[in-house]
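S.K.: Before we start, here is the structure in question, set down as structure tokens.
A short reminder: the numbers here are calculations on the coordinates, not readings from a lab. Computed from a predicted model, the values in this text were never measured in an experiment. Here the Cβ positions follow ideal geometry from the backbone for every residue, glycine too, while neighbour counts run over all protein chains shown.
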Amino acid sequence: MLELGPEDTLLDLGCGTGVAVREAAKVVRRAVGLDLSSGMIAQARDRSAGLANVEFVEGDTSAPLPFVAGAFTAALCTTAFHHFPRQRTVLGELGRVLALGGRVVTADANRRHPAVFVLDFILRVVQKSHVGFRGPAWFTHGLRTAGFSDLRVETAWGGAYVFVRARKGG
């Protein structure tokens, strides 16, 4: 969905062990992963040994992202957004760190799906790090507010998982 190419610089928020970063590194000029967990960052670095165009940063999405404005041409956040305590702020920060014309894809469980709605309620009670799943309308509104356009929504697994793609600017 990001249509990555050799001139792209990719940011993966909530990168975990860095699978998407390593895959993107085959195509892009530079790929950067950010994760709150020092353990995940350590694993990502170990698994990426020898890849010169890869970097992993330990960081918190609750604060401004540790990157300069316009540093990336593409950003990705898969199955992590529901852990971010300041979700609207993250969308704004994605707008800040992406260059004009940059693309973003968010993907997570779709709260509008009945089974995910129930799971979301349970996780909010039993899992401290779970902030909440969101639906496509929440993502599209938040991305538009953050300066994104050309929004495209796709679902998988019978609508239980949602992908939202957008472009920064006009």
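S.K.: What number goes with the only condition from (1) in a strand (DSSP E or B); (2) of a type in the set (D, E, K, R); (3) surrounded by fewer than 22 Cβ atoms within 10 Å (Cβ to Cβ) that Arg103 does not pass?
M.R.: Among (1) in a strand (DSSP E or B); (2) of a type in the set (D, E, K, R); (3) surrounded by fewer than 22 Cβ atoms within 10 Å (Cβ to Cβ), Arg103 violates only (3).
S.K.: Going through segment 146-162 one residue at a time, which ones are of a type in the set (Phe, Trp, Tyr) and under 20 Å from Phe72 (Cα atoms)? Can you show your working first?
M.R.: Quick first cut of segment 146-162, residues of a type in the set (Phe, Trp, Tyr) only: 148, 157, 161.
Selection gives Phe148 alone.
S.K.: What residue, among those in segment 46-88 that are among the hydroxyl-bearing types (Ser, Thr, Tyr), surrounded by 15 or more Cβ atoms within 10 Å (Cβ to Cβ) and part of a loop (DSSP other than H, G, I, E, B), is nearest to the chain's Cα centre (by Cα)? Spell out how you get there, then give the answer.
M.R.: So the first thing to find is which residues in segment 46-88 are among the hydroxyl-bearing types (Ser, Thr, Tyr), and the list is 48, 61-62, 73, 78-79.
Right, trim to surrounded by 15 or more Cβ atoms within 10 Å (Cβ to Cβ) and you get 48, 61, 73, 78.
Within this subset, residues satisfying the condition of being part of a loop (DSSP other than H, G, I, E, B) are 48, 61.
Working: Ser48: 19, Thr61: 10 Å.
Among those residues, the one meeting the criterion is Thr61.
S.K.: Does Ser48 count as farther than 22 Å from Val90 by Cβ and among the hydroxyl-bearing types (Ser, Thr, Tyr)?
M.R.: Values: farther than 22 Å from Val90 by Cβ: yes; among the hydroxyl-bearing types (Ser, Thr, Tyr): yes.
So Ser48 fits the description; yes.
S.K.: Just name the residue that is surrounded by the most Cβ atoms within 10 Å (Cβ to Cβ) out of those in segment 11-44 that are touching a Cys at 6+ places or on another chain (Cβ under 9 Å) and part of a helix (DSSP H, G or I).
M.R.: Val21
S.K.: Restricting to segment 45-63, name every residue that is closer than 28 Å to Asn110 by Cβ and in contact with a helix residue (DSSP H, G or I) (Cβ under 7 Å, 6 or more places away or on another chain). Give the steps one after another, and end with the answer.
M.R.: Of segment 45-63, the ones closer than 28 Å to Asn110 by Cβ are 59-63.
Hit for segment 45-63 is Thr61, nothing else.
S.K.: Could you give every pair whose Cβ atoms fall below 7 Å, whose first residue belongs to segment 148-170 and is among the aromatic types (Phe, Trp, Tyr), and whose second residue is assigned to a loop (DSSP other than H, G, I, E, B) and surrounded by fewer than 18 Cβ atoms within 10 Å (Cβ to Cβ), counting only separations of at least 6 or pairs across chains?
M.R.: These pairs meet every condition: Phe163/Met1.
S.K.: A further question on this structure: Does Leu143 count as closer than 21 Å to Phe67 by Cα and either without any contact (Cβ under 8 Å) to a residue 24 or more places away in the chain or of a type in the set (A, V, I, L, M) (or both)? Can you show your working first?
M.R.: Values: closer than 21 Å to Phe67 by Cα: yes; either without any contact (Cβ under 8 Å) to a residue 24 or more places away in the chain or of a type in the set (A, V, I, L, M) (or both): yes.
Here the answer is yes, as Leu143 does meet what is asked.
S.K.: Determine the pairs where a residue that is farther than 21 Å from Gly95 by Cβ, located within segment 13-34, has a partner that is among the aromatic types (Phe, Trp, Tyr) and outside any loop (DSSP other than H, G, I, E, B) with Cβ atoms under 6 Å apart, the partner being 6 or more residues away or on another chain.
M.R.: Correct list of pairs: empty, since none qualify.
S.K.: Of the numbered conditions (1) in contact with a helix residue (DSSP H, G or I) (Cβ under 7 Å, 6 or more places away or on another chain); (2) farther than 20 Å from Thr140 by Cβ; (3) not β-branched (Val, Ile, Thr), Ala24 satisfies every one except a single condition; which is it?
M.R.: With respect to (1) in contact with a helix residue (DSSP H, G or I) (Cβ under 7 Å, 6 or more places away or on another chain); (2) farther than 20 Å from Thr140 by Cβ; (3) not β-branched (Val, Ile, Thr), Ala24 is out only on (1).
S.K.: Just one of Asp150, Asp120 is part of a strand (DSSP E or B), farther than 23 Å from Ile41 by Cα and over 16 Å from the mean Cα position of the chain (by Cα); which is it?
M.R.: Numbers: Asp120 fails: part of a strand (DSSP E or B).
Only one candidate passes the filter, namely Asp150.
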